[in-house]
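Please read the structure below before turning to the comments.
The values are calculated or read from the model by the stated rules, or taken from the named source; none is laboratory data. Predicted model only: the values in this text are computed from it and were never measured. All Cβ positions, even for glycine, are placed from backbone atoms using ideal geometry, and neighbour counts span all protein chains on display.
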Amino acid sequence: MSEEVRPTRVRLAEALRAEIAANPGLTELPHRREIAGQYGLAQATVAQVLRALAAEGLIEAQADGRWTVAGRL
């Protein structure tokens with residue numbers, strides 16, 4: 001499947017997984033506004049991806065709205 005055909009949320013999830021894997025010292029993801037700006041996406045799309053990654057156990061939502069990498073704090 002070509003890059004253009006793959007859904008945006010799939011590409012974002014893959015990019016975030018790769019960033020987490022490549023940076024063992026990474027403990028917290030940027031705010032969803034920052035991620036949305038970096039990738040040119042709507043915040044709602046980013047929020048959907050973050051929830052999916054949390055469901056996989058890769059990241060965890062914090063009460064203050066931050067997202068942390070599971071097991072790295």
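When the residues of region 1-31 are narrowed to those that are of a type in the set (D, E, K, R) and free of Cβ contacts under 8 Å to residues at least 24 places away in the same chain, which ends up nearest to Trp67 (Cα to Cα)? Across region 1-31, the extreme among qualifying residues is Glu19. Checked against (1) surrounded by 12 or more Cβ atoms within 10 Å (Cβ to Cβ); (2) not in a loop (DSSP other than H, G, I, E, B), Leu41 meets all criteria but (2). Restricting attention to region 45-69 and to residues that are part of a loop (DSSP other than H, G, I, E, B) and at pLDDT 95 or above, the residue that is farthest from Ala13 (Cα to Cα) turns out to be Gly57.
Counting residues in region 1-22 that are within 20 Å of Gly57 (Cα to Cα) and part of a loop (DSSP other than H, G, I, E, B) gives zero. For region 57-71, a residue qualifies if it is surrounded by 11 or more Cβ atoms within 10 Å (Cβ to Cβ) and closer than 18 Å to Ala18 by Cβ, and the qualifying residues are Leu58, Ile59, Trp67, Thr68, Val69, Ala70. Taking the conditions (1) loosely packed, with under 14 Cβ neighbours inside 10 Å; (2) under 11 Å from the mean Cα position of the chain (by Cα) in turn, Gln48 satisfies each one other than (1).
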